[in-house]
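These notes are about the structure you will find just below.
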Amino acid sequence: MKTKLISLKTILLAVIALFIFSARTNAQVEAKITQSFNVVGDGWKKVFRYGTPVTVFAYKHKGDVYSLGIYSDDYAGIIDLKIYPFDIEEKLLKKLPNAQGKNAEQKLLDYYKIACSKAREKAFSGKYKTTAPYLTSRRYSRYYPSKNEPITIIGHKKMRDLFDRTYYQYAIVNDNCAGIYETSPTDNVVLIDIPLYYMPSTDDPQVKTIIDREKAVFVKKQQEKERRIEEEKKAQAEKEKEEKRRMEAEYQAYRDSMAAAKVEQDMAEMKRCSPAIIKVGGWHMDSAGGIEVDITFTNCTSQKVKYVYFRGYFLNAVGDKCRNDITRSTEWKYRGVGPIDAMPKELQKNYYPNVEFWRFGNPKFYSSIAHTFRLSSVTIEYMNGKKTTLSGAELKKRVKYTD
């Protein structure tokens, strides 16, 4: 009987010990962060901010170092801190597994799986948003995000190049692209609060399915955008053509109205200036001092003109008459040959049959010091033999000089 009691006591103690051991290995404590700190990984950094809820599953305090097993949402790890960052008393953590022991490693593996599951869920629901680093190469897509463009990361893979340098692949989607993109090994890219270590791989079939789906959506959007842009360009081009036609019509109407007004103005001037209007367009001196004169004559009468006789003179810079270097005469004279039509009863736009232009070349007057030209008289001979001479004030009212 005594032996049985001893055996029963032994079994009972073993059960109690197993219960205590199980309680210790399964224990965890919920806490909140009271001092912010960072955990740095390869290409990413997790920020534990004030007030962040965490699950502490392992603990060890030695010297000034706190070794802590922490789980929070999409992160699980055993870290060393020189601060005590929780809002609970430290004694509550002493029953937890030793953060440097094997039980803590097993607990970490369990929480790592939970963190990966949570990170996968968040990735596929588009929670990991950031701005794009510089992407030097791209795969599976001709579109790629520019540096600092908003992006959503749904997958990640750490890579090594031929020189054993680290670079990263990201599975990325946004409004402008969907694909798998790579960083340069020479870029020190660190993403904040994007837990790359726990996210799905870029090789994950579900990641590829999402990329293909988003790419199809994006390509469709891009095609629709390009079609819309093309339609807008065509509409704009047609609008510009219509506006151009309208402006040309308005301008032509304006020109017509101005031309009509000019015709009326010219007709009134011709009637007022009868028998003629004379315009001296200018004069030109050749290298030998020979002078050519341009004159436009407008017949303001009802008779055709046969000849027009012009007489004039040149003044030097101080107002004295110039002498012809050949004849020594001060008089310049030429004859304009008609016939010149009579003034019409009604003028037509851009058609003045009663206007004649002469360039009196083949110089007869030579003077290298000539400065100003003036007409002294104009004699008009009509086809019926009648003549009219304009001079003095009557000529002055009917002559226009360009100089």
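Derivation of every value follows stated rules applied to the coordinates shown; laboratory data play no part. Just so it is clear, the model here is predicted, and its values are computed rather than measured. So basically every Cβ, Gly included, is an ideal-geometry build from the backbone, and we count neighbours across all protein chains shown.
So how long is each side of region 129-216 along the principal axes, counting just the alpha-carbon atoms, biggest first, in Å?
That works out to 35, 27, 26 Å along the principal axes.
Please compute the modelled spin-label separation between CYS273 and ARG165, points set 7 Å along Cα→Cβ, answer in nm with one decimal.
Simple spin-label model gives 8.5 nm for this pair.
Step through the table entries LYS304/LYS345; LYS94/LYS122; LYS129/LYS233, compare each Cα-Cα distance with 25 Å, and write down the pairs that go over it.
On the way: LYS304/LYS345 14 Å; LYS94/LYS122 33 Å; LYS129/LYS233 34 Å.
Result: LYS94/LYS122; LYS129/LYS233 exceed 25 Å.
As a test, work out the antiparallel percent of DSSP beta bridges whose residues both lie in the chain, rounded to the nearest 5. Could you put the intermediate results ahead of the total?
On the way: 85 of 91 bridges.
Once the DSSP bridges in the chain are tallied, antiparallel ones form about 95 percent.
For region 40-56, take each phi angle, set θ = phi - 60°, evaluate the Karplus expression 6.51 cos²θ - 1.76 cosθ + 1.60, and give the result in whole Hz per residue in order, putting x for glycine and proline.
For region 40-56, the Karplus-derived couplings read 9, x, 6, x, 8, 9, 9, 9, 9, 9, 4, x, 5, x, 9, 10, 9 Hz, x marking Gly and Pro.
Kindly write out, for region 165-182 in residue order, the coupling ³J(HN,Hα) from the Karplus curve 6.51 cos²θ - 1.76 cosθ + 1.60 (θ = phi - 60°), rounded to whole Hz, with x marking Gly and Pro.
Along region 165-182, the couplings run 9, 7, 9, 10, 9, 10, 8, 10, 9, 7, 5, 10, 6, 7, x, 10, 10, 10 Hz.
Return the long-range amide H neighbours of LYS60 (sequence gap of 5 or more, or a different chain), with a cut-off of under 5 Å between placed amide H atoms.
Here the answer is SER67, ALA99, since their amide H atoms fall under 5 Å of that of LYS60.
Got a sec to turn the phi values of region 72-89 into Karplus ³J(HN,Hα) couplings, 6.51 cos²θ - 1.76 cosθ + 1.60 with θ = phi - 60°, whole Hz, x for Gly and Pro?
After applying 6.51 cos²θ - 1.76 cosθ + 1.60, I find 8, 6, 10, 9, 8, x, 10, 10, 10, 10, 9, 10, 9, x, 10, 9, 10, 6 Hz.
In a shell of Cβ-Cβ distance under 14 Å around LYS304, excluding LYS304 itself, what net charge do Lys and Arg (+1) and Asp and Glu (-1) give?
On the way: positive: LYS306, LYS386, LYS387; negative: ASP341, GLU356, GLU381.
Result for the local shell: 0.
Just to verify a number: FRET efficiency for LYS221 and LYS147, C-beta to C-beta distance, R0 = 22 Å, to 0.05? Display every interim value, and only then the final one.
Values: r = 22 Å, r/R0 = 1.01.
The value I calculate is 0.50.
For the pairs LYS46/LYS208; LYS62/LYS91; LYS321/LYS396; LYS46/LYS82, note any where the Cα-Cα span goes beyond 24 Å. Write down the numbers at each step before the final one.
Values: LYS46/LYS208 26 Å; LYS62/LYS91 14 Å; LYS321/LYS396 18 Å; LYS46/LYS82 17 Å.
Beyond 24 Å between Cα atoms: LYS46/LYS208.
For the chain, what does the relative contact order come out to in percent, with C-alpha contacts under 8 Å and a separation of six or more?
Values: 733 pairs, mean separation 41.4, N = 403.
So the answer I get is 10 percent.
Label-point separation (nm) for TYR84 and LYS113, each offset 7 Å from Cα along Cα-to-Cβ?
3.4
Sorted by average packing, counted as other Cβ atoms within 10 angstrom per residue and highest first, what order do 150-157, 189-196, 239-246, 204-211 take? Don't skip to the answer; put the middle values down first.
Numbers: 150-157: 22.0, 189-196: 17.8, 239-246: 10.0, 204-211: 16.2.
Highest to lowest by the protection proxy: 150-157, 189-196, 204-211, 239-246.
Quick one: compute the contact order of region 307-403, relative version, from alpha carbon pairs under 8 angstrom and 6+ residues apart, as a percent. Walk me through the numbers on the way to the answer.
Details: 141 pairs, mean separation 33.7, N = 97.
In percent, rounded to a whole number, it is 35.
Under a 5 Å amide H to amide H cut-off, with H placed in plane at 1.01 Å, what residues pair with THR389 once short-range neighbours are removed?
ILE380
Whose amide H sits under 5 Å from the amide H of ILE369, counting only residues 5 or more places off or on another chain, with H placed in the peptide plane?
The list, which skips near neighbours in sequence, is empty: none.
Starting with the fewest neighbours, write out CYS322, CYS273 ranked by other beta-carbon atoms found within 10 Å of each beta-carbon. Each step should come with its number before you reach the end.
Numbers: CYS322 22, CYS273 15.
Taking fewest neighbouring Cβ atoms as first place, the list is CYS273, CYS322.
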